[in-house]
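Asks: Submitted below is the structure of interest, expressed as structure tokens.
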Amino acid sequence: MPINFMDVLNPENITTYITNLPPQNLLGAALFPAVKQMGIDITLIKGAKNKAVALKPSAFDVAVRVRALRASVDEKTKEMPFFKESVVIKERDRQNLLLAMQANNQQMRDLILNNIYSDISTLVDGADVQAERMRMQLLSDGKIYISTDDSDISLDFEIPAGHQEVLAGTAKWGDFDNADIVGDIERWVNTIETDQGVTPSILVMTKATFNLIKQNKAIKLDINKDGTTIMTDAIITAYLQNKLGVSVAIENGKYFAEDGTTQLPYYPDNKITLIPKGTLGNTHYGTTPEEADLMSGASANVSIVRNGIAVTTVKQTDPVQIQTKVSQICMPSFEHSDEVFIATVA
């Protein structure tokens, strides 16, 4: 009886493998939880009260290309960006897997399948990178901007000007002798309370920015009046909570850009974002063309993993190979954009 490679690499097995992977703890995913919706348009994209190697963006109605795709987003129609990319299963792996299956060599079969699934999971992780990058861009700048050799995506969620500040001169937190960090944070909290009736209570920053607070002269004197206290992260965190009622969320995550070599931070140094408790918006996942058109087709196997990422496996005849494509349509909304304060502090 002939062995069908696609019987092994099927949607059920792919879904099981991806589902059983350890979860990624992403700050943006917690602040902008996933929402699945039909279609490709997002209708609530700004505040209603007035973010592995990244997948490259892709245009609709184009065939998938391996590691080289295009994208567009129409700001007027609020069409969510479409990301897709693919990998080709090596012919050697395919032949070795068939031989292992014929010989009933379970150990070799599982080893080869794990290598194949690992390549697929890398693309799925890349889809999550794009979503997290957009969420963290909203958190740090109130804007989404993705630029590659193939395309540009840009969208401004219009954080109120009064909820943004760039410190200058001796006010910068890098001036350890003169910066009034406590006064700055207190002023920003009061601004949001006055404007929105909401009390922001979480400071998002990188560890490098947090270290500026640890070296501030006024804060050290307030904590260490007798000169016997060693400044630790825990002491500074407790001080900010007791003094100002704010907790600290350190975001030091990094990702590789579309070129696969450039490592970038999700959240930049020398900035802070003051946010309220709870969620700030949602990450909307639309219906990919693969999900809409190929689920009932015989030419491809499609599985939907995580929050709406489509994994499509297609057997091609010329040349003979197996192509696995990962695609998603997603964009975060920012319903509470007016309740955050963004500052450049150094």
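FYI, it's all coordinate maths here, none of it is from the lab. Note that the structure is a prediction, hence the values are computed from the model and not measured. No Cβ is skipped: glycine too gets one built from the backbone with ideal geometry, and neighbour counts run over all protein chains shown.
Asks: First select every other residue whose beta carbon is under 14 angstrom from the beta carbon of Asp269; then total the charges, Lys and Arg +1, Asp and Glu -1. Kindly include the intermediate steps, with their values, before the conclusion.
Replies: Details: positive: Lys172, Lys207, Lys254, Lys271; negative: Asp141, Glu251.
So the surrounding residues net to +2.
Asks: Right, next: Spin-label point model (7 Å from Cα, Cβ direction): what's the Ala34 to Lys214 distance in nm?
Replies: 3.5
Asks: Given a Förster distance of 35 Å, report the FRET efficiency between Lys207 and Asp156 from their Cβ-Cβ distance, rounded to the nearest 0.05. Show your work: numbers first, answer last.
Replies: Values: r = 28 Å, r/R0 = 0.81.
Working from the Cβ atoms, E equals 0.80.
Asks: Quick check of the Kirkwood formula: for the range 232-341, what is the inverse mean of 1/r over all pairs of different Cα atoms, in Å? Don't skip to the answer; put the middle values down first.
Replies: Numbers: mean 1/r = 0.0544 Å⁻¹.
Taking every pair of different Cα atoms in the range 232-341, averaging 1/r and inverting gives 18.4 Å.
Asks: Here's a follow-up. Once you've got the Cα coordinates, tell me which of Lys172/Lys243; Lys36/Lys325; Lys84/Lys315; Lys36/Lys271; Lys254/Lys315; Lys90/Lys254 are over 23 Å apart.
Replies: Numbers: Lys172/Lys243 20 Å; Lys36/Lys325 20 Å; Lys84/Lys315 18 Å; Lys36/Lys271 31 Å; Lys254/Lys315 35 Å; Lys90/Lys254 29 Å.
Long pairs (Cα-Cα over 23 Å): Lys36/Lys271; Lys254/Lys315; Lys90/Lys254.
Asks: Round to a whole angstrom and tell me the spacing of the C-alpha centers of the range 212-288 and the range 119-140.
Replies: Each part reduced to its Cα centre gives a spacing of 20 Å.
Asks: Rounded to the nearest angstrom and ordered from largest down, what semi-axes does the equivalent ellipsoid of the range 112-196 get from its C-alpha gyration tensor (root of 5λ)? Numbers along the way, then the final one.
Replies: Working: eigenvalues 304, 59, 38 Å².
Value: 39, 17, 14 Å, ordered largest first.
Asks: Let me ask something additional. Listed highest first by mean packing, meaning other Cβ atoms within 10 Å per residue, what order do 128-134, 335-341, 211-217 come in? It would help to have the intermediate numbers written out before the result.
Replies: Values: 128-134: 23.7, 335-341: 22.0, 211-217: 18.3.
Packing order, densest peptide first, comes out as 128-134, 335-341, 211-217.
Asks: What ranking, highest mean first, results for peptides 13-26, 314-327 when packing means the other Cβ atoms within 10 Å averaged over each residue? Before the final figure, lay out each step's value.
Replies: Details: 13-26: 13.5, 314-327: 15.9.
The densest-packed peptide leads the list: 314-327, 13-26.
Asks: Still on this structure: R0 = 30 Å: FRET efficiency of Ala292 with Asn13, Cβ-based, nearest 0.05?
Replies: Details: r = 23 Å, r/R0 = 0.76.
Efficiency computed from Cβ-Cβ geometry: 0.85.
Asks: Shifting gears a bit: Any idea what the relative contact order of the range 118-275 is, in percent, if you count C-alpha pairs under 8 Å spaced at least 6 apart? Please report the intermediate quantities before stating the final value.
Replies: Details: 183 pairs, mean separation 39.1, N = 158.
After rounding, I find 25 percent.
Asks: How high is the FRET efficiency from Asn104 to Thr317, r the C-beta distance, R0 41 Å, rounded to 0.05? If you can, show how the numbers build up before the last one.
Replies: Numbers: r = 28 Å, r/R0 = 0.68.
For Asn104 and Thr317, the calculated efficiency is 0.90.
Asks: Of Thr237, Gly286, Gln263, which is farthest towards the positive pole of the range 184-292's charge dipole, taken about the Cα centre with +1 and -1 on the beta-carbons of Lys, Arg and Asp, Glu respectively?
Replies: Thr237
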